[in-house]
There are 2 protein chains.
Amino acid sequence: MKTNASSLSKEQLAKLPHVVIIGAGFGGLQAARALGNAPVRVTVIDRTNHHLFQPLLYQVATAGLSPADISVPIRHVLRKYKNISVIMDEVTGIDVEGRHVLMDDLSLSYDYLIVATGAHENYFGHAKEWRPLAPGLKSLDDARGIRRKILQAFETAELETDPERIQELLTFIVVGGGPTGVEMAGAIAEVAHKTLASEFRHIDTSMARIILVEALPRILGTFPESLGRKVVKELTHLGVDVRLNTALEAIDEHGVIAAGQRIPAHTVIWTAGVQASPAGTWLQGEVDRAGRVKVQEDLTLPGHPEIYVIGDTASATQDGKPLPGVAPVAMQEGRYVAKSIKERVQSTKQPAPFRYKNKGYMATVGRAYGIVDLGFLHITGFLGWIMWLGVHVVYLIGFSNRIIVMLQWAWAYLTFQRRARIITYVADSLPLVKPEEAPRQPVQSR
Amino acid sequence: MKTNASSLSKEQLAKLPHVVIIGAGFGGLQAARALGNAPVRVTVIDRTNHHLFQPLLYQVATAGLSPADISVPIRHVLRKYKNISVIMDEVTGIDVEGRHVLMDDLSLSYDYLIVATGAHENYFGHAKEWRPLAPGLKSLDDARGIRRKILQAFETAELETDPERIQELLTFIVVGGGPTGVEMAGAIAEVAHKTLASEFRHIDTSMARIILVEALPRILGTFPESLGRKVVKELTHLGVDVRLNTALEAIDEHGVIAAGQRIPAHTVIWTAGVQASPAGTWLQGEVDRAGRVKVQEDLTLPGHPEIYVIGDTASATQDGKPLPGVAPVAMQEGRYVAKSIKERVQSTKQPAPFRYKNKGYMATVGRAYGIVDLGFLHITGFLGWIMWLGVHVVYLIGFSNRIIVMLQWAWAYLTFQRRARIITYVADSLPLVKPEEAPRQPVQSR
């Protein structure tokens, strides 16, 4: 049968197969869009009301962008598809046998389930002690909290008289040399050495130390080694102290111990690893070391052709190698899963296995330096940054955001200024105080 | 003596008279700017790091603008004046005899003091019970909290089945018919009837009731009666239920009692009155019913020529009438006080009394209707809105903000969309409740 769901009545819609998507990150949202007006009924569940453009979260954490610039209401993105409804609620479990998604006061039955619940920071067993001291960067609240902590450090230092305490307040440690760590370190250096330069009377913000701590002998492990070396040069040029082969041993209120050495620091930011959301335990499926659910070639859970797992929640392998936890993988998986469900609903055709097409990887350092790895070609420097900028602005969902973000970048680039330098009085000062009190990982995470 | 402080060394600066300004609102910031590079040493103290453009706070509360669009770091505004330093701290008291401003771990001596600490909501003796249930709109956190509550109400209603509960969730009561109340009510109506239309599948957002409750027989008391009547027409046209002569008697988790009638409502917003900050008690001065400090013609505290009180903290009268608590009054007072201090430092000349020059008042309703009272001329409708827009954008401090804000307004005007529709999970759910009672679900009846 070929039906266009947009022309159906509520009653007719109710008779269609029900697809439930948990998580409206890159994977879940792509799947939902691709199922728009298809002959299925779709329910998208997310614990927040917005889709978050996570690759730019570090810009919010460093006051370059506002939360609204990198997020868009899920309902707004999907409003034109009458066969899709959106629910803002927290999923508490999945009844795999009974085919129900469980929430606090609600339970939804499904014919097809797409689990796209993302990932959160991996503190390698130290979450309880370390998360409150070294927040990660996964949600808007994380970003606001880190922004507050960074800006507040300078304000407190301005009032401080003890030079040792001032140096501690002006020392920022970023743990982890992946793209997020590199982007954070570069941005903090820019804030300290450029943005705030002329604004304080007692402290010299150029005294600020930004230290990037990486346990491995190199940064940006997913990129070719030559690019990693260039980025280390660029970071050093920006005033970031890059320490390789430096494993973190301890974190407390006044700093860290790394490679046996104590580094006093007020601000420690964690970007060292990710761990999949609890979906694996809900699904009772086999999971890998990062808690990602092992899926088959068609991204379904073994023994459950009606359950798809995608994005950071899934451990998918291609040619024997695991697929990286990046947005393009999740987006391609989301589109593939939608296509595969449509095929199964409309025909008896067996969907082909999922193949990830690698279109390249990119990262940025500071204000005008980017690296692009197209496999056959490496681009670095200003041109790389322009490409990074272009791709990120184009992929920003919600047209108005694009203009605003471009404008703000143009402004920041010309003036070194950052618009969103707000320390709010209550809201931002609380989440970091008792993080364990409230879940810090949004369902959609990437 | 005529000196330009910008050319002085730290040691020379230290010898200059010390002016301490408490509060970087419209009044305090104008005073600071006017004292830039004057032969005095200036310290600005504010408990936040940003100057807030309060007239647009209702736009943040209704998701039209982001917090960063209407705030700018105080340091950034004042960075070019070497004789001004900024302190982010909370003032706890003033030692009037010893001429010291007291903070938690800090005390500053002054030669001249400018108290510009503003005002907060006046719950007329019910603050303890009513503030948690009916938040006011004074800070960015207030605005974020109200935004969260409004947006969450629609999300919760979408999941609700009981029609009475749905109507309660979709009823929004604005208490107080002043400019803020009028602007809030109009903006909420636009959000419910335009912005969110077509995005929900179960509820009909046009069912939302927006009720403006005013105890007096008319709204916008500071404006001519004819303009008030026109605004009531416009509000009604926007779908706002305006109830005059309706005194609020009680507020609880499920609504209010007004003029003897119970109105079930999830969201109640308080704009009914303001009360000066505790400065009056610090200064041991005579205060009026709203807690504003009575000042002399030159805005000094009687018996203390070295202490100036301005803006919403001051009760200044002109031609027997009290000056209204609006931004233009505070700004003119700030500039006057700066001028008067410069005169007293540089000459023996006795400063002339303060005279407020009324350049007119304006307010806006919904998306394209404004009223302007120039005294000799009243302008209403689209032209009034354009004038309102122009004035507010021009007065936005921080140039980059202006472009962004204009762009967002243009966008919102053309599309009815509002960019900042974010419900964050932790931060925004806390300010309106005590941390320890912070609910997991942001949907809290407070």
Test: B:ILE211 is over 19 Å from B:PRO179 (Cβ atoms) and in the same structural domain as B:THR171 (by TED's automatic domain parsing):
no
Residue within the range A:342-352 that is closer than 30 Å to A:PHE376 by Cα and not assigned by TED's automatic domain parsing to the domain that holds A:ILE114 present:
yes
Exclusive hit being of a type outside the set (Phe, Trp, Tyr) and within 28 Å of A:LEU65 (Cβ to Cβ), set A:GLY311, A:GLY303, A:GLY375:
A:GLY311
I'm told B:ASN245 meets every condition in (1) modelled with pLDDT of 95 or more; (2) polar (S, T, N, Q); (3) open to solvent by less than 40 Å² (accessible area, probe 1.4 Å) except one. Can you identify the failing condition by its number?
(3)
Can you tell me how many residues within the range B:377-399 are assigned to a loop (DSSP other than H, G, I, E, B) and at pLDDT 90 or above?
1
Specify the residue that is farthest from B:VAL60 (Cα to Cα); the eligible residues are those in the range B:193-224 that are touching a helix residue (DSSP H, G or I) at 6+ places or on another chain (Cβ under 6 Å) and away from every other protein chain (no Cβ under 14 Å).
B:ARG218
Could you please let me know if B:GLY239 is surrounded by 14 or more Cβ atoms within 10 Å (Cβ to Cβ), more than 14 Å from every other protein chain (Cβ to nearest Cβ) and closer than 23 Å to B:TYR356 by Cα?
no
Out of B:VAL293, B:VAL231, which single residue is surrounded by 20 or more Cβ atoms within 10 Å (Cβ to Cβ) and in the same structural domain as B:GLN167 (by TED's automatic domain parsing)?
B:VAL231
When both residues are 6+ apart or on different chains and their Cβ atoms are under 7 Å apart, which pairs have a first residue that lies in the range B:87-101 and is closer than 17 Å to B:THR300 by Cβ and free of Cβ contacts under 8 Å to residues at least 60 places away in the same chain, and a second that is open to solvent by less than 30 Å² (accessible area, probe 1.4 Å) and of a type in the set (S, T, N, Q)?
none
Selection from the range B:233-252 of residues that are out of contact with any His (no Cβ under 8 Å at 6 or more places or on another chain) and over 20 Å from B:ALA134 (Cβ atoms):
B:LYS233, B:GLU234, B:THR236, B:HIS237
Counting only residues that are touching an Asp or Glu at 6+ places or on another chain (Cβ under 7 Å), of a type in the set (D, E, K, R) and assigned to a helix (DSSP H, G or I), which one in the range A:132-150 is nearest to A:SER198 (Cα to Cα)?
A:ARG148
Mind checking which residues of the range B:9-22 are touching a strand residue (DSSP E or B) at 6+ places or on another chain (Cβ under 9 Å) and open to solvent by 10 Å² or more (accessible area, probe 1.4 Å)?
B:LEU13, B:ALA14, B:LYS15, B:LEU16, B:PRO17
Got a number for residues in the range A:68-77 being more than 7 Å from chain B (Cβ to nearest Cβ) and crowded, with 23+ Cβ neighbours inside 10 Å?
4
May I ask you to verify whether B:ILE45 is surrounded by 24 or more Cβ atoms within 10 Å (Cβ to Cβ) and β-branched (Val, Ile, Thr)?
no
Taking into account only those residues within the range B:53-67 that are more than 16 Å from B:ILE404 (Cα to Cα) and surrounded by fewer than 24 Cβ atoms within 10 Å (Cβ to Cβ), which is farthest from the other protein chains (Cβ to nearest Cβ)?
B:PRO55
Could you list, in sequence order, all residues of the range B:344-394 that are open to solvent by less than 40 Å² (accessible area, probe 1.4 Å) and charged (D, E, K, R)?
B:ASP373
Please give the number of the condition B:SER6 fails out of (1) farther than 26 Å from B:SER139 by Cβ; (2) small (Gly, Ala, Ser); (3) away from every other protein chain (no Cβ under 14 Å).
(3)
Checklist (1) open to solvent by less than 60 Å² (accessible area, probe 1.4 Å); (2) in contact (Cβ under 8 Å) with a residue 24 or more places away in the chain; (3) assigned by TED's automatic domain parsing to the domain that holds B:HIS18 applied to B:LYS82, failing item:
(1)
In this structure, is B:GLY260 within 26 Å of B:GLY381 (Cβ to Cβ), open to solvent by 10 Å² or more (accessible area, probe 1.4 Å) and assigned by TED's automatic domain parsing to the domain that holds B:LEU133?
no
Looking only at the range A:258-279, decide whether some residue is over 26 Å from A:TYR58 (Cβ atoms) and within 25 Å of the chain's Cα centre (by Cα).
no
Test result for A:ALA153, in a helix (DSSP H, G or I), under 20 Å from A:THR267 (Cα atoms) and without any contact (Cβ under 8 Å) to a residue 60 or more places away in the chain
no
Considering the range B:78-104 alone, what residues qualify as being assigned to a loop (DSSP other than H, G, I, E, B), within 21 Å of A:ARG148 (Cα to Cα) and at the interface with chain A (Cβ under 8 Å from one of its Cβ atoms)?
B:ARG79, B:ASP89
Test A:VAL72 against the criterion of being of a type in the set (A, V, I, L, M) and more than 17 Å from the chain's Cα centre (by Cα), and give yes or no.
no
Give just the number: which of (1) surrounded by fewer than 24 Cβ atoms within 10 Å (Cβ to Cβ); (2) at the interface with chain B (Cβ under 10 Å from one of its Cβ atoms) does A:ASP141 not satisfy?
(1)
Contact list please: Cβ distance under 6 Å, first residue in the range A:240-254 and free of Cβ contacts under 8 Å to residues at least 40 places away in the same chain, second residue in a loop (DSSP other than H, G, I, E, B), pairs at least six apart or on different chains.
A:ASN245/A:PRO217; A:THR246/A:ALA259; A:ALA247/A:ALA215
Please go through (1) touching a residue at least 40 places away in the same chain (Cβ under 8 Å); (2) assigned to a helix (DSSP H, G or I) for A:THR222 and return the number of the only condition it doesn't satisfy.
(2)
A careful count of residues in the range B:124-138 that are over 18 Å from B:PRO264 (Cβ atoms) and crowded, with 21+ Cβ neighbours inside 10 Å gives 3
Is it true that some residue in the range A:23-44 is facing another protein chain (nearest Cβ under 8 Å) and within 17 Å of the chain's Cα centre (by Cα)?
no
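The values are calculated or read from the model by the stated rules, or taken from the named source; none is laboratory data. The shown structure was predicted, so the numbers you read here are calculated from the model rather than taken from an experiment. Here Cβ is always computed from backbone atoms with ideal geometry, including for glycine, and neighbour counts include all displayed protein chains. Areas reflect the complete protein model, heavy atoms only, side chains present, ligands, DNA and RNA absent. Shrake-Rupley method; radii C 1.70, N 1.55, O 1.52, S 1.80 Å.
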